[in-house]
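Peer 1: Here it is, the structure, as structure tokens.
Every number in this text was worked out from the coordinates using simple rules, so none of it is lab data. Since the structure is predicted, the reported quantities are computational estimates derived from the model, not experimental observations. Positions of Cβ are generated from backbone atoms using ideal geometry, with glycine treated the same way; all protein chains shown enter the neighbour counts.
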Amino acid sequence: RERTFIAVKPDGVARGLVGEIIARFEKKGFVVVGLKQLTPTKELAEAHYAEHKERPFFGGLVSFITSGPVVAICLEGKGVVAAARLMIGVTNPLASAPGTIRGDYAIDVAKNIIHGSDSVESSTRELKLWFADNELLAVATPNPNLYE
Ligand code: GTP
Ligand code: MG
């Protein structure tokens, strides 16, 4: 079964959007198989966003993501990596379609509420960074909408 890594960023947590975000994924049919709240260390944030380390916004990105609690989520379901990205919307919330999470709740590219893995390879790498094996359910509780 496919799994993806989702993080509600510090702005999303501070604005009280965690429940709304989880509700959207659950209603879609995806299953939460890992969930915790933590303030990421600088080391974790830099490793997570390593692909962007030469970008001018890297320093700001790392300081923002480490500025407060993040809710880390592992979601499971058919096609969840790509589907979660569609539900999240494009990076710049001003360009994100209405109905997407960023499209409905954000206006600032640096404070875009939520992260989602951009590929199956990224999800594997990110889940290893953020979760220990024993923090993820080995078997998801079946959702009748998910398991046909
Ligand atoms: P994530 O799910 O957070 O990885 O976002 P993404 O995959 O939609 O975008 P990307 O991985 O390219 O960029 C990672 C994060 O860096 C984005 O979510 C933005 O918050 C931030 N970012 C990307 N581009 C810019 C930019 O041009 N300026 C600023 N200030 N931040 C940016
Ligand atoms: Mg990304």
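Peer 1: Each residue of the stretch 19-31 in turn: what ³J(HN,Hα) in whole Hz from Karplus with 6.51, -1.76, 1.60 and θ = phi - 60°, glycine and Pro shown as x?
Peer 2: My calculation for the stretch 19-31 gives x, 4, 5, 4, 4, 4, 5, 5, 5, 5, x, 7, 10 Hz in order.
Peer 1: Can I ask one more? How would ARG24, ARG3 line up from fewest to most surrounding beta-carbon atoms within 10 angstrom?
Peer 2: Exposure proxy ranking, most exposed first: ARG24, ARG3.
Peer 1: For a quick check, take a GNM of the chain with Cα springs below 10 Å and name the residue from ALA83, ALA138, ALA23 with the largest mean-square fluctuation.
Peer 2: Top of the fluctuation ranking is ALA138.
Peer 1: How are the Cα pair distances of the chain distributed, in percent, across 10 Å bins from 0?
Peer 2: 12, 43, 37, 8, 0
Peer 1: Let me ask something additional. Can you find, among ILE114, ALA23, LEU127, the residue sitting farthest towards the positive end of the charge dipole of the chain, where Lys and Arg contribute +1 and Asp and Glu -1 at Cβ?
Peer 2: Result: ALA23.
Peer 1: Pop out the ³J(HN,Hα) list for the stretch 69-77 in order, Karplus 6.51 cos²θ - 1.76 cosθ + 1.60 with θ = phi - 60°, rounded to Hz; leave Gly and Pro as x.
Peer 2: x, 10, 9, 8, 10, 10, 10, 10, x
Peer 1: Something else now. Going through the stretch 49-143, which GluC sites (Glu not before Pro) have at most 13 other Cβ atoms within 10 Å and a DSSP loop state?
Peer 2: Counting only loop positions with at most 13 other Cβ atoms within 10 Å, the GluC sites (Glu not before Pro) in the stretch 49-143 are GLU54.
Peer 1: Continuing with the same structure: At a threshold of 8 angstrom on Cα-Cα distance, excluding pairs fewer than six apart, so keeping six or more, what relative contact order does the chain reach in percent?
Peer 2: Once normalised by length, the contact order is 37 percent.
Peer 1: Between SER119 and PHE57, what length comes free when the chain is fully extended (0.36 nm per residue of separation minus the Cα-Cα distance, one decimal in nm)?
Peer 2: 20.1 nm
Peer 1: Nearest 10 degrees, 0 to 90: what angle lies between the long axis of helix 120-130 and the longest principal axis of the chain (Cα atoms)?
Peer 2: 70 degrees
Peer 1: May I pose another question? For each of GLU43, GLU26, count neighbouring Cβ atoms within 10 Å of the residue's Cβ, then give the residues from fewest to most.
Peer 2: GLU43, GLU26
Peer 1: For every other residue with a beta carbon closer than 15 angstrom to the beta carbon of SER122, add +1 if it is Lys or Arg and -1 if Asp or Glu, then tell me the sum.
Peer 2: Local charge sum for SER122: -1.
Peer 1: Hey, another quick one. For the chain, what does -39500 (n - 2.57) per DSSP helix run (n ≥ 4), summed and divided by total residues, give at 222 nm, in deg cm²/dmol to the nearest 500?
Peer 2: Theoretical 222 nm ellipticity from helices: -10000 deg cm²/dmol.
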